[in-house]
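Q: I have a structure I would like to understand better, so I am pasting it below and will then ask my questions one at a time.
The values are calculated or read from the model by the stated rules, or taken from the named source; none is laboratory data. Owing to the predicted nature of the structure, the values given are computational and were not obtained by experimental measurement. Ideal geometry is used to build each Cβ from the backbone, glycine not excepted, and the neighbour counts take in all protein chains shown. Surface areas here come from the heavy atoms of the whole protein model, side chains and all, with no ligands, DNA or RNA. Shrake-Rupley method; radii C 1.70, N 1.55, O 1.52, S 1.80 Å.
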Amino acid sequence: MSRPLPEDVQGVLFDLDGTLLDSAPDLYAALLAQCTEEGAAPPPYAPVREVVSRGARAVLRCAFAERGEDGVLALVPRYLELYRQVMARQTRAFEGVDDLLARIEERGLRWGIVTNKAAFLTDELVRRIGWNERASAVISGDTLPVKKPDPAPVLLACERAGLTPARCLFVGDDQRDIAAGAAAGLYTVAVSWGYLDGGDPHGWGADAVLDHPAELAALLQLESSVA
């Protein structure tokens, strides 16, 4: 850890895909469906999983890079439509996340989500997972004109959740999460269980790097939830 945890922590903000949720299986399923429609060879799962935090175009490049950026961009609307059809079918919270959120709530802390995912997908996914009534704020990639790594979405989440940035954590699996959280004045936590976009979270300048949600519960000194 590069600096001590803030005193009197009020809450925790999380990235969504790759931090709270393992959504790669459904994102991959949508890509396979589009490959079938387009008569393209399906790519293997591993390289797709690695880049899903970068959005639809990064996923589509895994199968359609030879079409160039304009060709990939043209495929995005149909890909998002296919993804929405299967969204939350295989998506699950990472091991330990449900317990972590329960502990956060039991302590009386607030938690929220800041994602670069478009709102029409974010809101539906959060609802299907059952978190829409639990999250104190949900900020999507098109809530503002800017998205992470810009700090504005993080600051808006703090405002909507009633959190003071200096007394809040931002947790993510991508370097853009750490940059956004740090610029907004939050304590930043990089998590190694996510997608990482091929990077090394130890090199992102985060205040802490953790390998399991239980480690975040321990960092926050949260007692175990009631069985």
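Q: Restrict the check to the stretch 104-114 and report whether at least one residue is open to solvent by 80 Å² or more (accessible area, probe 1.4 Å), under 19 Å from Phe170 (Cβ atoms) and over 15 Å from the mean Cα position of the chain (by Cα). Write out each step before concluding.
A: In the first step, residues of the stretch 104-114 are kept if they are open to solvent by 80 Å² or more (accessible area, probe 1.4 Å); the result is 106-107, 110.
Next, only the ones that are under 19 Å from Phe170 (Cβ atoms) stay: 107, 110.
Restricting the remaining residues to those that are over 15 Å from the mean Cα position of the chain (by Cα) gives 107, 110.
Yes, the stretch 104-114 has at least one match.
Q: Could you grab me the full set of residues in the stretch 204-227 that are modelled with pLDDT under 95 and either touching a helix residue (DSSP H, G or I) at 6+ places or on another chain (Cβ under 6 Å) or closer than 28 Å to Leu144 by Cα (or both)?
A: Leu222, Ser225
Conditions (1) in contact (Cβ under 8 Å) with a residue 60 or more places away in the chain; (2) in contact with a strand residue (DSSP E or B) (Cβ under 9 Å, 6 or more places away or on another chain), marked per residue:
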residue: Gly172; (1), (2): yes, yes
residue: Asp177; (1), (2): yes, yes
residue: Ala180; (1), (2): yes, yes
residue: Tyr187; (1), (2): yes, yes
residue: Ser192; (1), (2): no, yes
residue: Gly198; (1), (2): yes, no
residue: Ala206; (1), (2): yes, yes
residue: His212; (1), (2): yes, yes
residue: Glu215; (1), (2): no, yes
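Q: Give the residue, chosen from Ala137, Ala88, that is closer than 30 Å to Glu223 by Cα and modelled with pLDDT under 95. Steps first, please.
A: Details: Ala137 fails: modelled with pLDDT under 95.
Sole residue among the options that is closer than 30 Å to Glu223 by Cα and modelled with pLDDT under 95: Ala88.
Q: Tell me which of these Gly198 doesn't satisfy, since it passes every other one: (1) at pLDDT 95 or above; (2) small (Gly, Ala, Ser); (3) under 16 Å from the mean Cα position of the chain (by Cα).
A: (1)
Q: Would you call Gly55 more than 23 Å from Gly198 (Cα to Cα) and not aromatic (Phe, Trp, Tyr)?
A: Working: more than 23 Å from Gly198 (Cα to Cα): no; not aromatic (Phe, Trp, Tyr): yes.
Answer is no for this residue.
Q: Would you call Val191 closer than 30 Å to Gln85 by Cβ and among the β-branched types (Val, Ile, Thr)?
A: Working: closer than 30 Å to Gln85 by Cβ: yes; among the β-branched types (Val, Ile, Thr): yes.
Against the criterion (closer than 30 Å to Gln85 by Cβ and among the β-branched types (Val, Ile, Thr)), Val191 qualifies.
Q: What is the residue count in the stretch 41-66 for residues that are over 24 Å from Arg176 (Cα atoms), of a type in the set (A, V, I, L, M, F, W, C) and either out of contact with any helix residue (DSSP H, G or I) (no Cβ under 6 Å at 6 or more places or on another chain) or touching a residue at least 60 places away in the same chain (Cβ under 8 Å) (or both)? Walk me through how you get there before you give the answer.
A: Narrowing the stretch 41-66 to residues over 24 Å from Arg176 (Cα atoms): 41-44, 63-64, 66.
Next, from what is left, pick out any that are of a type in the set (A, V, I, L, M, F, W, C): 41, 63-64.
Going one step further and asking which of them are either out of contact with any helix residue (DSSP H, G or I) (no Cβ under 6 Å at 6 or more places or on another chain) or touching a residue at least 60 places away in the same chain (Cβ under 8 Å) (or both), we end up with 41.
The qualifying residues number 1.
Q: Tell me the residue from Asp197, Asp207, Asp177 that is in contact with a Lys or Arg (Cβ under 7 Å, 6 or more places away or on another chain) and open to solvent by 40 Å² or more (accessible area, probe 1.4 Å), please. I'd like the intermediate steps shown before the answer.
A: Details: Asp207 fails: open to solvent by 40 Å² or more (accessible area, probe 1.4 Å); Asp177 fails: open to solvent by 40 Å² or more (accessible area, probe 1.4 Å).
Unique residue meeting the criteria: Asp197.
Q: So which of Glu69, Glu133, Glu38 is of a type in the set (D, E, K, R), free of Cβ contacts under 8 Å to residues at least 24 places away in the same chain, farther than 26 Å from Val154 by Cβ and surrounded by fewer than 18 Cβ atoms within 10 Å (Cβ to Cβ)? Outline the logic, then answer.
A: Values: Glu133 fails: farther than 26 Å from Val154 by Cβ; Glu38 fails: free of Cβ contacts under 8 Å to residues at least 24 places away in the same chain.
Step by step, each of Glu69, Glu133, Glu38 is checked, and only Glu69 is of a type in the set (D, E, K, R), free of Cβ contacts under 8 Å to residues at least 24 places away in the same chain, farther than 26 Å from Val154 by Cβ and surrounded by fewer than 18 Cβ atoms within 10 Å (Cβ to Cβ).
Q: Would you confirm whether any residue within the stretch 47-65 is at negative phi, in contact with a Lys or Arg (Cβ under 8 Å, 6 or more places away or on another chain) and open to solvent by 40 Å² or more (accessible area, probe 1.4 Å)?
A: Taking every residue of the stretch 47-65 in turn, none turns out to be at negative phi, in contact with a Lys or Arg (Cβ under 8 Å, 6 or more places away or on another chain) and open to solvent by 40 Å² or more (accessible area, probe 1.4 Å).
Q: Quick test of your reading of the structure: Gln90 fulfils all but one of (1) open to solvent by 90 Å² or more (accessible area, probe 1.4 Å); (2) among the polar types (S, T, N, Q); (3) out of contact with any helix residue (DSSP H, G or I) (no Cβ under 7 Å at 6 or more places or on another chain). Name the failing condition by number.
A: The single condition Gln90 does not satisfy is (3).
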